[in-house]
């Protein structure tokens, strides 16, 4: 009997003893629809309740307003101010501004749509690699109720768009993998490879939103080349690497390298002046001006030294050491407070650590390049591990940078529950876990949408708020000198301060 590439996925026994991976069923339609509706409602209801521009909305909402063709008098700026990230995410935000105006709904609706679509793509990816309706429901359900995923879908920032394109990249790669013919040991190459092209478009979209999207391009190249070589090694004919590059190299180069580059460049159309016909090195060349814009952004990121009170090292993100406060509701009565914080569900995030380790152990034990473990481990490794290195030389890195990793954390947990089997006890364990996740979501929901609470009730939700841990380390002394001339008399004032306010707390702090 032929087995799918995900040959260790759950199977069902059909009449006559024919066991095969389960096909898409009406239960999939029902679960996907229900989870998407719930997740979408959570993202859209009260989307404009937090008034004004919170956190980095002050950059992206204003730029998107100009992208939408609104006059500077409406947008509050004369020219786009945020040059440190590519334009595609701001183009998406501008679509909402075009539809609903330059207001809270207008600049947030695109993120809410992207966040809802991400739930769908996660379901499809989990269903594809786990071959389980239960596993897909758990993975997408966990993301639908994830604290950080909800907050980022309700704020006009670029980070909420990256997971949509990143997970779509892995989904299309999984579809393309089937074309390798690895099951029968007869790998072949199609000149079209539409799913590989789709993966390249999705990965290019991720990069055109934020440079960190390049992690998905690297992941796509690594997985595709690995699968191409692995499929050819199965036939025992030798020369697997040479045959893989000869048969697959053209489409890998075209669809996973050139297409992302082209899509990245297209994102700058309408945002950078210049002529395509001019010599690339001349000042009036469009390509030269795109290069100049990116070089400017590169030097900004390389030279960024300013600290931020909500920054935290990459190793601590999944441990929830330092969430990011986005918003404090104005006008709350005395003794009450409303806030929005970017944080994760402790139960999901912390339990995902052993889940990923378990998937990695299973992958190392089986050495199966085509199993679900490979995609789970690659998803986490390519989106998280680079930050452990990059954050060493850069300040102002934040917990919400982990968002592209969260879908794979959710799939890792779903994988573990699927591996438990289909017994009553296994299903009960999954139900109890999901109920606990839902309970925590309800408890923390006020901190995700800015609901005004009594201060004591708000403080009970702060897992880490020890006074000593939340205190600031001593800052570097700074001397500021000002000169003022009044009636012909010049007075020099010298003030010595410290930079404590811009530093993060010493320990684990949610305040």
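The values are calculated or read from the model by the stated rules, or taken from the named source; none is laboratory data. None of the values given here were measured: they were computed from a predicted structure. Methodologically, a virtual Cβ is constructed for each residue, glycine included, from the backbone with ideal geometry; neighbour enumeration extends over all protein chains shown.
Residues in segment 275-292: is at least one free of Cβ contacts under 8 Å to residues at least 40 places away in the same chain, part of a strand (DSSP E or B) and either exposed (fewer than 14 other Cβ atoms within 10 Å of the Cβ) or in contact with a strand residue (DSSP E or B) (Cβ under 7 Å, 6 or more places away or on another chain) (or both)? Yes: one or more hits. Taking segment 351-363 as the range and being crowded, with 19+ Cβ neighbours inside 10 Å and either under 21 Å from residue 220 (Cβ atoms) or over 21 Å from the mean Cα position of the chain (by Cα) (or both) as the test, the residues that pass are 356, 359, 362, 363.
Mind checking whether some residue in segment 381-392 is within 20 Å of residue 418 (Cβ to Cβ) and touching a helix residue (DSSP H, G or I) at 6+ places or on another chain (Cβ under 8 Å)? Steps first, please.
Narrowing segment 381-392 to residues within 20 Å of residue 418 (Cβ to Cβ): none.
The answer is no; no qualifying residue exists.
Scanning segment 434-456 for residues being within 24 Å of residue 43 (Cβ to Cβ) and free of Cβ contacts under 8 Å to residues at least 24 places away in the same chain gives a total of 5.
Can you confirm whether residue 15 is at pLDDT below 90, more than 30 Å from residue 267 (Cβ to Cβ), out of contact with any helix residue (DSSP H, G or I) (no Cβ under 8 Å at 6 or more places or on another chain) and surrounded by 12 or more Cβ atoms within 10 Å (Cβ to Cβ)? In short, no. Filtering segment 100-110 down to residues that are without any contact (Cβ under 8 Å) to a residue 60 or more places away in the chain and on the phi < 0 side of the Ramachandran plot, which residue is surrounded by the most Cβ atoms within 10 Å (Cβ to Cβ)? Among residues in segment 100-110 that are without any contact (Cβ under 8 Å) to a residue 60 or more places away in the chain and on the phi < 0 side of the Ramachandran plot, the one surrounded by the most Cβ atoms within 10 Å (Cβ to Cβ) is 107. Residue 97 meets each of the listed conditions (1) touching a residue at least 60 places away in the same chain (Cβ under 8 Å); (2) buried (at least 24 other Cβ atoms within 10 Å of the Cβ); (3) closer than 21 Å to residue 45 by Cβ apart from (1). Taking the criterion of being more than 22 Å from the chain's Cα centre (by Cα), assigned to a helix (DSSP H, G or I) and closer than 17 Å to residue 72 by Cβ, the only residue of segment 98-116 that qualifies is 98.
Mind listing just one residue for me: the one in segment 298-350 that is exposed (fewer than 13 other Cβ atoms within 10 Å of the Cβ) and under 23 Å from residue 450 (Cα atoms) and, of those, nearest to the chain's Cα centre (by Cα)? Per the stated criteria, the residue is 330.
So, residue 89, is that one at pLDDT 90 or above and under 30 Å from residue 265 (Cα atoms) or not? Considered against the rule, which asks whether it is at pLDDT 90 or above and under 30 Å from residue 265 (Cα atoms), residue 89 comes out as yes. Restricting attention to segment 305-348, and to residues there that are in a helix (DSSP H, G or I) and touching a helix residue (DSSP H, G or I) at 6+ places or on another chain (Cβ under 7 Å), which single residue is farthest from residue 377 (Cα to Cα)? It comes out as 347. All conditions but one from (1) surrounded by fewer than 19 Cβ atoms within 10 Å (Cβ to Cβ); (2) assigned to a helix (DSSP H, G or I); (3) at pLDDT below 95 apply to residue 2; the one that does not is (2).
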